[in-house]
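Asks: Supplied in structure tokens, the structure appears directly below.
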Amino acid sequence: MLSTHCPKCGYPLFEKDGKTYCPVCEKFKNEVEEIEKNKIERDSKAVDKKVDINRILIEKINYLAMKLKDESEIGRIKEIGEALYVLIKIKKKIE
């Protein structure tokens with residue numbers, strides 16, 4: 001029994017005849033490594049998406065702040081303020 005665990009089922013990995021495998025999933029090391037690699041790629045893509053969403057939110061907040069600066073109509077000020085409030089609230093939730 002090895003100190004590493006199967007990324008799919010969490011069961012400890014074993015070594016037999018120089019090959020690492022999971023007795024539960026019946027996956028050998030190369031298959032287990034492929035699963036781990038795919039998981040890392042998915043996690044990386046999720047982080048990239050989060051960064052993109054955060055960047056977009058910041059751009060929209062800045063855009064609305066500039067619009068608010070130049071606005072004099074009370075109704076539009078209220079609309080922009082509400083939109084800013086929602087965007088900032090969303091930004092805080094994803095951080």
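Asks: Take the residues in segment 30-55 that are of a type in the set (K, R), within 11 Å of the chain's Cα centre (by Cα) and at pLDDT 75 or above; name whichever of them is nearest to F14 (Cα to Cα).
Replies: Residues of segment 30-55 that are of a type in the set (K, R), as a first pass: 37, 39, 42, 45, 49-50, 55.
So of that shortlist, the ones also within 11 Å of the chain's Cα centre (by Cα) come out as 42, 45, 49-50.
Next, from what is left, pick out any that are at pLDDT 75 or above: 42, 49-50.
Values: R42: 26, K49: 36, K50: 36 Å.
Going through the qualifying residues, I end up with R42.
Asks: For segment 15-29, give me the residue count where each residue is touching a Lys or Arg at 6+ places or on another chain (Cβ under 9 Å), farther than 14 Å from H5 by Cα and either among the small types (G, A, S) or modelled with pLDDT under 70 (or both).
Replies: 0
Asks: Let me ask something else. Does any residue in segment 83-95 that is closer than 15 Å to E59 by Cα come within less than 8 Å, Cβ to Cβ, of a residue that is of a type outside the set (A, V, I, L, M) and surrounded by 10 or more Cβ atoms within 10 Å (Cβ to Cβ) six or more places away or on a different chain, and which pairs are these?
Replies: These pairs meet every condition: L87/K60; K91/N54.
The values are calculated or read from the model by the stated rules, or taken from the named source; none is laboratory data. From a predicted model like this one, the values you see are computed outputs, not experimental measurements. Note: ideal-geometry Cβ built from the backbone for every residue, glycine included; neighbour counts use all protein chains shown.
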